[in-house]
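Data first, discussion second: the structure below is written as C-alpha cells.
The values are calculated or read from the model by the stated rules, or taken from the named source; none is laboratory data. Predicted model, so just to flag it, every value in this text is computed and none were measured. Here the Cβ positions follow ideal geometry from the backbone for every residue, glycine too, while neighbour counts run over all protein chains shown. Heads up: the accessible areas ignore ligands, DNA and RNA and are worked out on the full protein's heavy atoms, side chains in. Shrake-Rupley method; radii C 1.70, N 1.55, O 1.52, S 1.80 Å.
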Amino acid sequence: MPGFELFGDLERKQVNDVLDNGVLMRYGFDGMRNGHWKAKELETELQNTFQSKHVQLVSSGTAAVSVALASAGVGAGDEVIMPTFTFVASFEAIMMLGAIPVLVDIDDTLGLNPEAVEQAITPNTKAIMVVQMCGSMANMDALQTIAEKHNILLVEDACQAIGGTYNGKPLGSIGDLGCFSFDFVKTITCGEGGAVITNNKDYYLNADHYSDHGHDHVGNDRGAETHPFLGYNFRISELHAAVGLAQVKRLPEFLELQKKNFNILRDALSQIPEVTFRTVPEGGVESCAFLNFFLPDLETTRKVIQAFKTEGVDVCWNYYDNNWHYIREWNHLKDLKSLFPISKEVKEGLSYLKTKTFPKSDHYIGRNISCLIKLSWTEAEVKERASKMVKAIKENI
Ligand SMILES: Cc1ncc(COP(=O)(O)O)c(C=O)c1O
C-alpha cells in the first residue's frame with residue numbers, strides 16, 4: 001500500500017516548484033506563485049480519479065472524516081453508526097463534533113454488518129459511517145438501501161481503499177460524502193493530507209469554508225472575505241499537495257504492482273484448504289492494498305502470527321491483539337480518558353461500551369490475518385514470502 005516506497009524525481013520536481021516561488025499556502029499570494037496552485041491542481045486530478053464532482057483537500061484523513069460529517073450538519077448529540085473494526089480516527093472524528101459514535105458489528109466482508117446497522121438505528125441516528133477497511137468494502141447495496149429507507153447520511157471512509165471499486169464506481173464515491181487519507185502509509189501519500197469528495201455542492205461549499213476558518217473564498221482579497229459560519233483550520237499546505245500531485249499521477253502504476261503482489265500471495269495461500277478469504281461483495285473489486293484471510297480459530301491464528309515473526313514475514317497483523325484497529329483494546333475510549341471534560345450527552349451516549357460485547361466481530365477479527373501489500377517487493381521476494389507463509393500456516397494448523 002505505501003506510496004512512499006516509490007518516491008523520487010517526480011515528487012521532487014513538484015515540491016521544487018513550490019520552494020522556488022516560496023508560496024507554501026494554498027490560498028492567496030496570487031502574484032508570487034508563478035502560476036503554481038498545487039492544491040487546486042490536485043483537487044482537479046482527484047475529481048477525475050474518484051469520479052466525483054467536488055473535492056476538498058484537507059490536512060489529514062481524520063480531518064476529512066470530521067469535515068465531511070460537519071459539512072452535512074452532524075453535531076452535538078447526533079448518533080453516528082460506525083464499525084468495531086476501523087482506525088481510532090473514526091470515533092475521534094465523530095467525537096470532535098460532540099456527536100456519539102455507535103459501534104456495531106462487522107461481517108465476513110470485514111465491513112459493517114447491514115443487519116447490525118439496521119438494529120442500531122434510533123431517532124437520533126444522523127449518519128452511517130462505512131469504513132472500507134484494508135482495500136475492500138462492506139455490502140454497499142444493503143447499506144445504501146438502509147440509509148435511504150431511514151433518510152440518513154451514508155459517509156464512506158475509503159482511507160484504506162484508494163483504487164478499489166464497487167459496481168464500477170470508485171470506493172469513496174458511493175456514499176453522500178467520501179473521505180481519503182494521504183498520510184505516509186497510504187496508497188498515495190502527501191506526507192500528511194486528506195480529501196473529502198462529494199457530488200453535493202452544498203456539502204462541498206461547507207467543507208471548503210469550514211476547513212479554512214469559515215472563509216467564503218470569494219474574490220482575491222483574503223482580508224475582505226466573509227465568514228458565513230464558524231470554521232477551523234484543516235488546510236493542506238502547497239508542499240504536501242505538491243507531493244500528492246506527483247503521486248496521484250502514478251496511481252495506476254502503484255495499483256498494478258499491488259495487484260500483482262497480492263495475486264501471488266493469494267494464489268499460494270488458496271492451496272491450503274483451512275484458509276478462507278474475506279468476502280468481497282458482488283460487483284466489488286479490491287484495491288489489493290492488503291490480503292485478508294481467516295484461519296479456523298483464534299488459537300491457530302495467534303500461533304501462525306508468531307510463526308510469521310519467526311520466519312521473518314513482516315507487515316502481517318491479527319487485529320484482535322492489536323491496539324490500532326479493533327474495539328477490544330480501545331480502553332481509552334471505553335474509559336473516556338479525555339484531557340478535557342466531555343459533554344454529558346456523549347458520556348451517557350457511550351456508557352454502553354462498558355458492558356457491550358461484540359461476539360460476531362470477535363468471530364471474524366479473532367481469526368483474521370491482514371497482510372499489507374508492499375510495492376517495492378521484487379517478484380522473487382514475494383514468492384519467497386509466499387512459501388514462508390504457506391510453511392508457517394501448514395506447520396501450525
Ligand atoms: C480507515 C482510516 N480512517 C481514517 C484514517 C486517518 O487518516 P490520517 O492518518 O490521515 O489522519 C486512517 C489512517 O490510518 C484510516 O486507516
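Miscellaneous remarks
- Within region 295-328, restricting attention to residues that are in a helix (DSSP H, G or I) and open to solvent by 60 Å² or more (accessible area, probe 1.4 Å), the residue that is farthest from Q132 (Cα to Cα) is T310.
- Picking from residues in region 232-255 that are assigned to a helix (DSSP H, G or I) and touching a strand residue (DSSP E or B) at 6+ places or on another chain (Cβ under 7 Å), the one that is most open to solvent (accessible area, probe 1.4 Å) is H240.
- Condition check for K360: open to solvent by 90 Å² or more (accessible area, probe 1.4 Å), touching a residue at least 40 places away in the same chain (Cβ under 8 Å) and closer than 22 Å to S136 by Cα: yes
- Any hit, region 289-297, residues being acidic (D, E) and over 20 Å from F87 (Cβ atoms): yes
- Residues that are basic (K, R) and either more than 19 Å from E92 (Cβ to Cβ) or in a helix (DSSP H, G or I) (or both), drawn from region 336-365: K344, K347, K354, K356, K360
- Sole exception among (1) open to solvent by 10 Å² or more (accessible area, probe 1.4 Å); (2) more than 12 Å from the ligand (Cβ to nearest atom); (3) outside any loop (DSSP other than H, G, I, E, B) for A76, by number: (3)
- Scanning region 188-215 for residues that are in a strand (DSSP E or B), within 30 Å of C288 (Cα to Cα) and away from the ligand (no atom under 16 Å from the Cβ) yields one hit, T198.
- Note on region 47-73: among residues that are more than 15 Å from the ligand (Cβ to nearest atom) and either of a type in the set (D, E) or not in a loop (DSSP other than H, G, I, E, B) (or both), the one that is most open to solvent (accessible area, probe 1.4 Å) is N48.
- Remark: pairs (first residue in region 139-160, within 22 Å of C288 (Cβ to Cβ); second residue away from the ligand (no atom under 16 Å from the Cβ) and at pLDDT 95 or above; Cβ separation under 6 Å; 6+ apart in sequence or on different chains) = N139/P114; N139/P281; M140/Y166.
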